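One structure below.
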Amino acid sequence: MDPQNFESYAARGLVIARVISSQRDQYRLAVSGADLPVRPAIELDAEPSGALWHRAPTRAAMPVVGDWVAARIVGDGQAIVEAVLPRRTLFSRRAAGRREDQQPIAANIDLVFLVCGLDGDFNLRRLERYLALAAESGAQPVVVLNKADLCDDLPSRIAESSAVAAGAPVVPASTRAPGGLDALRVHIAPGLTIALLGSSGVGKSSIVNALLCEERLRTNEVRESDSRGRHTTTHRELIPLPGGAALIDTPGKSELQICSSRNTIAEAFNDISATTSSSSYRKCTHTEEPD
C-alpha cells in the first residue's frame, strides 16, 4: 500500500484497513497503519457507504477479501467503508452461466498456490485454466500437487504438470506425511499474501490447517467414487500465518470461466499458441486439413 494514500485518508479522519472476510456486503476489517502489520490490533465489522455504491462502476469494484480500504469508524467495533484503494492484483472469474459479469475472488495477492489433488480427480486441463486465471491476476503461481502420499508415480505427475506450468514452480505436498509441506514452505515469506485456488476436495483447507498447526478450517472426506469433494469452505478469509505471511483459502470452484485477454490465454496455453503460429491455414478446423 502507498503510504501517501494512508496520509491523505487519515487527514479526512478515515482509517486504512484490510478486508479479512466478506459475506455479501458485510465485511470484517483489520485496521492497520502505514507499516502494514499482518496481525492487526483492531478488527471492525463494516458495510459499504451509499457513496461507495454510487461511485462503483460495476459490482466487481466493491470490496473483496484482500482489498485495502478507507473506512470511517462510526461506533464500537463498527465502520463504514468509504473507498477501495487501488489494487495491485485481482483474481476474478466470469460469473457462472451466460452473463459476462466479472466475479472477483481476492485482491492484492502476491502468490497463488494452485492446488491439485493427486488422486482420482487429477486433471491437467483444469490446471491450465487455473494457470490462465493466475496469469490474468498478476500474481505469481506455484503449482501444488497435494496428496503426494497417495500417488504411485509422483515423478510422472510432476513432469506432466511442469510441461503445462509455463515455468511456474511445481511442488509436491502432503498433509499426512512427515515433512510433507517442506517444499511448499520454501515459497512462504514474511509479508506475502497467498491465495489457495483449486477445486473442491483437493485439500486446500487441510493445507491451511497444517501450516497453522491447528484445526482452524473445517474439512470433509472426498467421495470414494471420483475423489470429488463437497464445498467445505463457503467464504473467503484472510488468515495470518506464524512468521508474518497471510493465507486466503477460497471455496472450490465447480465452474471456472476465465475473464482473460488474448495475451494471458496465449501465455497459459503456450503449447496451443506455438502450434497455431505454425499452422498453414488461417481458419483451420482440425478435421480435414492435411498434417
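Please enumerate the residues belonging to the stretch 172-198 that are closer than 14 Å to Val143 by Cβ and crowded, with 19+ Cβ neighbours inside 10 Å.
Within the stretch 172-198, Pro172, Ala173, Leu184, Ile194, Ala195, Leu196, Leu197, Gly198 meet the criteria.
Gly66 fails exactly one of the following numbered conditions: (1) buried (at least 18 other Cβ atoms within 10 Å of the Cβ); (2) in the same structural domain as Lys204 (by TED's automatic domain parsing); (3) under 20 Å from the mean Cα position of the chain (by Cα); (4) not polar (S, T, N, Q). What is the number of that condition?
Single failed check for Gly66: (2).
Take Ser21 and decide whether it is modelled with pLDDT of 90 or more, surrounded by fewer than 20 Cβ atoms within 10 Å (Cβ to Cβ) and of a type in the set (Ser, Thr, Tyr). Walk me through how you get there before you give the answer.
On the way: modelled with pLDDT of 90 or more: yes; surrounded by fewer than 20 Cβ atoms within 10 Å (Cβ to Cβ): yes; of a type in the set (Ser, Thr, Tyr): yes.
Judged against the criteria, Ser21 is a match.
Looking at Ala79, Ala134, Ala183 in this structure, which one is at pLDDT 95 or above and more than 20 Å from Tyr27 (Cβ to Cβ)?
Of the residues listed, the single one that is at pLDDT 95 or above and more than 20 Å from Tyr27 (Cβ to Cβ) is Ala183.
Looking only at the stretch 136-163, filter to residues that are of a type in the set (S, T, N, Q) and not in a strand (DSSP E or B); which one of those is farthest from Pro178 (Cα to Cα)?
Among those that are of a type in the set (S, T, N, Q) and not in a strand (DSSP E or B), it is Ser137.
Just one of the numbered conditions (1) among the aliphatic types (A, V, I, L, M); (2) within 16 Å of Lys204 (Cβ to Cβ); (3) modelled with pLDDT of 95 or more is not true of Ala106; which one?
(3)
Checking Asp45 against (1) at pLDDT 90 or above; (2) closer than 26 Å to Ser137 by Cβ; (3) touching a Phe, Trp or Tyr at 6+ places or on another chain (Cβ under 8 Å): exactly one of these is not met. Which one?
With respect to (1) at pLDDT 90 or above; (2) closer than 26 Å to Ser137 by Cβ; (3) touching a Phe, Trp or Tyr at 6+ places or on another chain (Cβ under 8 Å), Asp45 is out only on (2).
Output the residue which, of all residues in the stretch 116-135 that are part of a helix (DSSP H, G or I) and of a type outside the set (A, V, I, L, M, F, W, C), is farthest from Leu196 (Cα to Cα).
Arg125
The values are calculated or read from the model by the stated rules, or taken from the named source; none is laboratory data. Just so you know, these numbers come straight off a predicted model, no measurement behind them. Positions of Cβ are backbone-derived with ideal geometry, glycine not excepted, and every protein chain shown enters the neighbour counts.
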